[in-house]
Every structure is written in structure tokens, then in C-alpha cells.
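Peer 1: Below you'll find the structure I mean.
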Amino acid sequence: MTGQARAAWRPGAARLISWLVPALALLFHLATFRGYGYFRDELYYLANGRHLGWGYVDHPPLIGFVAALVTNTIGSSLFAIRLLPAVAAAGTAWLAGRIAREMGGRAYAQAMAQLCAVLAPGFLGLFGIFSMNAFDLLFWAALWWIAARYLRTGNERLWLAFGLVAGVGLLNKISVLFAGVGIVAGLIAAGPREPFRKPWLWAGGVVAGLVFLPHLAWQAAHGWPTLEFIRNATANKNVAFSPAGYLGAQVVNTLPVVPVWLAGLGALLAARGMRPFRALGWAWLAVLAVMLTTNAKAYYLVPSFTVLFAAGGLALERLGPSRPAAAARALAAALVIVVGAVAAPLAKALLPEDSLVAYTSRLGMAPPREERHEMGRLPQHFADQHGWPELAAAIASVYHSLPAGERERACIFVQNYGEAGAVDLFGPALGLPPAICGHNSYHLWGARGCTGEVLVVLGGDEEEMRAGFASLERAATFTCTDCMPYENDRPIWIGRGLHPPLAELWPRLKSFN
């Protein structure tokens, strides 16, 4: 191939790859959308969509608005709610390629960045369910892209775009703040520092704050419930990682692409040709430092890797035209694809449960634990996709066993937002009233007019309930296969004559964690 032909081919290949890999990512997620069923948090986010407001106890409001948009247009089926996360997967892969391009990457660098964003287990798993985490990956990627574009062009007005994306990202998940802090820290550490002497960066900060202001107002009006939630979750629920343990969890989250992002970090920090983008390497280190000092969950760092994928792809591309360099690039791409395919069932529900258990055992690997719960044979992100329609059906059986007169006055009380979300999603077809619950935003939504005269209660402490009801009857036991152990063998009670009345008792039922 002549030099002229090669020069013409490379831009064409880059353009093709920039759309091909994201398209394949979209098709893959759409083809595998079912998983094992609805995930616990998906049920809660769908409930958020039925209670729109500028905030929730445990997250900002955007996911509720997205849930309402989806359910009021294409419905609440698994395909419907997982369509936009699949689109976010494609968008994030596309942005990974654009970041590499801003840094000077051609076809190989862009393709490698995109492959990493598709096949890294942390990305693969988060894009597999409807949650704010899927969109968080997209927002972080967009912020890295804008920052890289600024470092290439020096266009100060890009900080306005950065502020707008950051503000909307904050309405999705507050941890976007870490990205902003990291990039500011990177500019301070490595330069350029001109943005701090001009109005545009500050104006971008104002834009982000104005976009986020409605949620801050909601927090203030409700007594800052998210701060209470964070304190309780940190103290009582989240696993506390050592620095080595946290970094080890990142190896699991990015298993097939660890060499790529390590190469990218090294290049950003030390390579002469990457000097204009040095701030991004320091930004990533600043984000890591914040995560380590705030006891963040391991997956909170996952969105930060997009920029390292781009830099790593570029570092490989710049190894040179020699045959050993070309072989190294080919080997790296092959390893990302092959090892990514091997690790994929650990992140996304691709195998039947029995096959997954055997496969995990053969590999001797498991995803990192994020919370302090007893575990069954499946990791939590898979176990939490089991048992929800059956739970609603078991409660419905007890509810419909009540005499007609009692059934008209009966309410359903459950212990956590997953159980409440299951009742609210599957219950209408079963003739159930909405659930009431003291967990997170369900507590803010109140008792829904329930007096407590007749309650169907899932779980709870028997001694406490016998003291609180005039009569208490164990009507059934809910069992489930492969769900989280604390959801299995749960009693379903019929309580009559609650005292004190539920309205008086409600403040004591609050559980923000």
C-alpha cells in the first residue's frame, strides 16, 4: 500500500470505527437485556418516576424524570427500561474514541479506547441495568472529552459547556463533583493555569451551580436527608476498603484492560508527547485520592477510567511502525477482546445461574463486595435480580385471604425499597394497594392514608410487632431461590389494631441507609 493510500485509509478507518464499536455495544446490550430479571434498584427508580420531585433521599432527581419519561412512552418492561442504558453504553464508547482523537489518536487509539469502554467489567455491568450509574459513565466521559478538547484548543468558552454537562450530571449523581474537583486539581498541578485568571472557568462553575440549585433547595427544604443517608451507609452498610483493597477492586472492575489504563496513566504523567494533556493524569490521581479518603464504593471510580483508556490506546499507537510494535498493538487488542469475553459473565447476567456458579468457580474469581451483607451463591448484583415478582405474588396471596371488609382497609408494609418497588410494579395486576415503607424516599412519601387498622407486613421483628398490634398472625412465608439471603424465608404477617396509630408511629420508622 502506498503512503498516499495509507493516509487516505487511516481517516476512513477511524471514521468507520468511531461508529462501528459503539453500534456493536448497543446491539450487544439490547441482545442481552433480560439478565435474570428486574434489579432491586430498578424497582426503586421506577417508583421515583411515580413520585417526581427535585430530589430523593439517596440521589438527585434526574433518574426519576428519566423513569417517568420511559414508563409514560414505551412502558416499564425490562426492554423499555434498559434501552437508554444501552444507548448510554454506545455513547460512552463513542466519547472514549473522541477523547483519544482529541489527544491526537488515529484509528487504533480510538478503537482501543472504545473497546476498553465496552469490555471493562465495571462498564459492562453498570450499563446492563437501568440506574443513574449508567448515565454517570456517560456524563464523566463527556466531561473528560470537553477537558481534553480545551487542552488541545485553548478555547475558554468550552468551560461553559463543561459547566452545563457537570450541572446535569450532578442532577444525576453527586459523585460527578469528584470529576470537577479532579480536573481543577489537575490544572493546578500541571497547568495550564490561565483558566483561573479568566472568567470562563468560573462562569462554567456558576452554570453548574445554577443547574444543580433546585436539588440543593430541595435538600435544604427536607433537612438534608442525603447527608444523613451517606453517614448511615458509610458507617453501617458499605465495605471499608484499605487503599490496597480499593486498588485491587479496580483491577477486578477493569480486568481485561488494566495494562491499557496503566499505560495511559503513565503516558499522561510522563510521556513528552502527552505534555499538553498532563493535567488529565493528575486529575485522575486526584479523583482516586478523593475516593480513597471518603470510603467510596469501588465502582464509584469506574467512570474515571475512560480518559485513561484513550491515553492508553494512544500510547500503544505511538510505539512506532516497527513489526514488534505492530505485533504488540495486535496482541493488546486481542487480549482486551478475549479476556473481556471471558470476564463478561462475571459482570453481566449472560449465563444461567448454575452455569455461572460453575464458571466462577473454575475461574476462581468474583466481583468485589460493596456491602456488608450475608451472601448466597451469587454476587449481590446478580442475586438482586431474583425473586421480585414472586414476592409480590406471595403478598397478594395473603392480602386476598383477608375478609372483604378487612381487605378494603388493609395496607401493605415492607422493610426496604426493593420490596416496596416490587409491590408497586407488580402489585396492580394482582389487585394490591401501593406499598408503604420507612426506607429512604418511601419514608418521605408517607403512609398513603393508612391507619394501621389492618396491615399485611413482610418481615420485621416479631417481638416488636406483637407489642405493637392487638393481634398478630403469621400467614405465610416467602421463599426465593438465588435472591439475597436476607430476602429468603421471610414471614408475612397479618397485624390488626396497631397502636399507636401509624401516623404517630411513622417518624420512628424512618430508615435512611
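Peer 1: If I ask for residues that are under 21 Å from Leu509 (Cβ atoms) and either among the acidic types (Asp, Glu) or surrounded by 20 or more Cβ atoms within 10 Å (Cβ to Cβ) (or both), which ones from segment 393-412 would you list?
Peer 2: Once the filter is applied, which keeps residues that are under 21 Å from Leu509 (Cβ atoms) and either among the acidic types (Asp, Glu) or surrounded by 20 or more Cβ atoms within 10 Å (Cβ to Cβ) (or both), segment 393-412 yields Ile395, Val398, Tyr399, Ala410, Cys411, Ile412.
Peer 1: Looking at the structure I just gave you, is Val184 among the β-branched types (Val, Ile, Thr), crowded, with 24+ Cβ neighbours inside 10 Å and out of contact with any Cys (no Cβ under 6 Å at 6 or more places or on another chain)?
Peer 2: So Val184 fails the test.
Peer 1: Within segment 18-36, take every residue that is more than 9 Å from Ala90 (Cβ to Cβ) and within 17 Å of the chain's Cα centre (by Cα) and give me the one that is surrounded by the most Cβ atoms within 10 Å (Cβ to Cβ).
Peer 2: This residue is Phe33.
Peer 1: Let me ask another. With respect to Ala88, determine if the residue is over 23 Å from Ala383 (Cα atoms), buried (at least 21 other Cβ atoms within 10 Å of the Cβ) and either modelled with pLDDT under 95 or within 18 Å of the chain's Cα centre (by Cα) (or both).
Peer 2: Taking the combined requirement at face value, the residue satisfies it.
Peer 1: Follow-up. Spot the failing condition for Tyr44; the list is (1) touching a Phe, Trp or Tyr at 6+ places or on another chain (Cβ under 6 Å); (2) open to solvent by 10 Å² or more (accessible area, probe 1.4 Å), and only one is missed.
Peer 2: Checking Tyr44 against (1) touching a Phe, Trp or Tyr at 6+ places or on another chain (Cβ under 6 Å); (2) open to solvent by 10 Å² or more (accessible area, probe 1.4 Å), the one that fails is (2).
Peer 1: Sticking with this one: Please specify each residue of segment 54-74 satisfying the condition of being assigned to a loop (DSSP other than H, G, I, E, B) and open to solvent by 20 Å² or more (accessible area, probe 1.4 Å).
Peer 2: Across segment 54-74, the qualifying residues are Trp54, Asp58, Asn72, Thr73, Ile74.
Peer 1: Just to be sure, is Arg409 of a type in the set (Lys, Arg) and in contact with a strand residue (DSSP E or B) (Cβ under 6 Å, 6 or more places away or on another chain)?
Peer 2: In short, yes.
Peer 1: Something else about it: Considering every residue within segment 438-451, establish whether at least one is over 17 Å from Pro501 (Cα atoms), open to solvent by less than 20 Å² (accessible area, probe 1.4 Å), touching a residue at least 12 places away in the same chain (Cβ under 8 Å) and among the aliphatic types (A, V, I, L, M).
Peer 2: No, there is no match, as no residue in segment 438-451 is over 17 Å from Pro501 (Cα atoms), open to solvent by less than 20 Å² (accessible area, probe 1.4 Å), touching a residue at least 12 places away in the same chain (Cβ under 8 Å) and among the aliphatic types (A, V, I, L, M).
Peer 1: Mind checking which pairs have a first residue in segment 112-136 that is among the β-branched types (Val, Ile, Thr) and a second that is open to solvent by 20 Å² or more (accessible area, probe 1.4 Å) and assigned to a loop (DSSP other than H, G, I, E, B), Cβ under 6 Å, 6 or more apart or different chains?
Peer 2: That search, which allows pairs on different chains as well, returns Ile129/Phe39.
Peer 1: Kindly evaluate Val206 against the criterion of being of a type in the set (A, V, I, L, M), open to solvent by less than 50 Å² (accessible area, probe 1.4 Å) and in a helix (DSSP H, G or I).
Peer 2: Taking the combined requirement at face value, the residue does not satisfy it.
Peer 1: Okay, next question. Residue check, Trp144 against (1) surrounded by 18 or more Cβ atoms within 10 Å (Cβ to Cβ); (2) touching a residue at least 24 places away in the same chain (Cβ under 8 Å); (3) among the hydrophobic types (A, V, I, L, M, F, W, C); (4) out of contact with any Ser or Thr (no Cβ under 7 Å at 6 or more places or on another chain), all met but one. Which one?
Peer 2: Only one criterion is unmet by Trp144, namely (4).
Peer 1: Taking Ala235, is it open to solvent by 50 Å² or more (accessible area, probe 1.4 Å) and either in contact with a His (Cβ under 6 Å, 6 or more places away or on another chain) or of a type in the set (Gly, Ala, Ser) (or both)?
Peer 2: For Ala235, the condition - open to solvent by 50 Å² or more (accessible area, probe 1.4 Å) and either in contact with a His (Cβ under 6 Å, 6 or more places away or on another chain) or of a type in the set (Gly, Ala, Ser) (or both) - is met.
Peer 1: Which residue pairs have Cβ atoms under 8 Å apart, sit 6 or more places apart or on different chains, and have a first residue in segment 149-160 that is free of Cβ contacts under 8 Å to residues at least 60 places away in the same chain and a second that is in a loop (DSSP other than H, G, I, E, B) and of a type outside the set (S, T, N, Q)?
Peer 2: Listed by first residue and then by second, the contacts come to Tyr150/Glu156; Gly154/Pro192; Glu156/Lys198.
Peer 1: Within segment 467-499, which residues are outside any strand (DSSP E or B) and open to solvent by 40 Å² or more (accessible area, probe 1.4 Å)?
Peer 2: Listed by number, the residues that qualify are Ala467, Thr479, Thr481, Tyr486, Asn488, Asp489, His499.
Peer 1: In segment 273-287, is there at least one residue being assigned to a helix (DSSP H, G or I), under 17 Å from Ala315 (Cα atoms) and without any contact (Cβ under 8 Å) to a residue 24 or more places away in the chain?
Peer 2: yes
Peer 1: For segment 413-434, give me each residue that is open to solvent by less than 40 Å² (accessible area, probe 1.4 Å), of a type in the set (A, V, I, L, M) and over 21 Å from His222 (Cβ atoms).
Peer 2: Result: Val414, Ala422, Val423, Leu425, Leu432.
Peer 1: So Gly431 clears everything in (1) at pLDDT 95 or above; (2) touching a His at 6+ places or on another chain (Cβ under 9 Å); (3) on the phi < 0 side of the Ramachandran plot except one condition, right? Which one?
Peer 2: (3)
Peer 1: Against the condition of a type in the set (Gly, Ala, Ser) and open to solvent by 60 Å² or more (accessible area, probe 1.4 Å), how does Ala270 come out, does it pass?
Peer 2: Yes; evaluated as a whole, the condition is true for this residue.
Peer 1: Which of the following residues is touching a strand residue (DSSP E or B) at 6+ places or on another chain (Cβ under 6 Å) and without any contact (Cβ under 8 Å) to a residue 12 or more places away in the chain: Arg466, Arg490?
Peer 2: Arg466
Peer 1: May I ask you to say which residue of Leu177, Leu170 is open to solvent by 10 Å² or more (accessible area, probe 1.4 Å), free of Cβ contacts under 8 Å to residues at least 12 places away in the same chain and within 19 Å of Leu210 (Cβ to Cβ)?
Peer 2: None of the others qualify; the one that does is Leu177.
Peer 1: Could you please find all residues in segment 417-454 being farther than 15 Å from Ile395 by Cα and among the hydrophobic types (A, V, I, L, M, F, W, C)?
Peer 2: Leu444, Trp445, Ala447, Cys450
Results for (1) modelled with pLDDT under 95; (2) touching a Pro at 6+ places or on another chain (Cβ under 6 Å); (3) over 17 Å from Ala141 (Cα atoms), shown as yes or no for each residue.
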position	(1), (2), (3)
Lys237	yes, no, yes
Leu308	no, no, no
Val338	no, no, yes
Ala341	no, no, yes
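Peer 1: On to the next question. Only one residue in Val176, Val168, Val207, Val184 is under 25 Å from Ala271 (Cβ atoms) and at pLDDT 95 or above, so which one is that?
Peer 2: Testing whether each residue is under 25 Å from Ala271 (Cβ atoms) and at pLDDT 95 or above leaves just Val184.
The values are calculated or read from the model by the stated rules, or taken from the named source; none is laboratory data. Owing to the predicted nature of the structure, the values given are computational and were not obtained by experimental measurement. Heads up, the Cβs are rebuilt from the backbone with ideal geometry, glycines too, and the neighbour counts pull from every protein chain shown. Side chains are part of the model used for accessible areas, which takes the heavy atoms of the whole protein and leaves out ligands, DNA and RNA. Shrake-Rupley method; radii C 1.70, N 1.55, O 1.52, S 1.80 Å.
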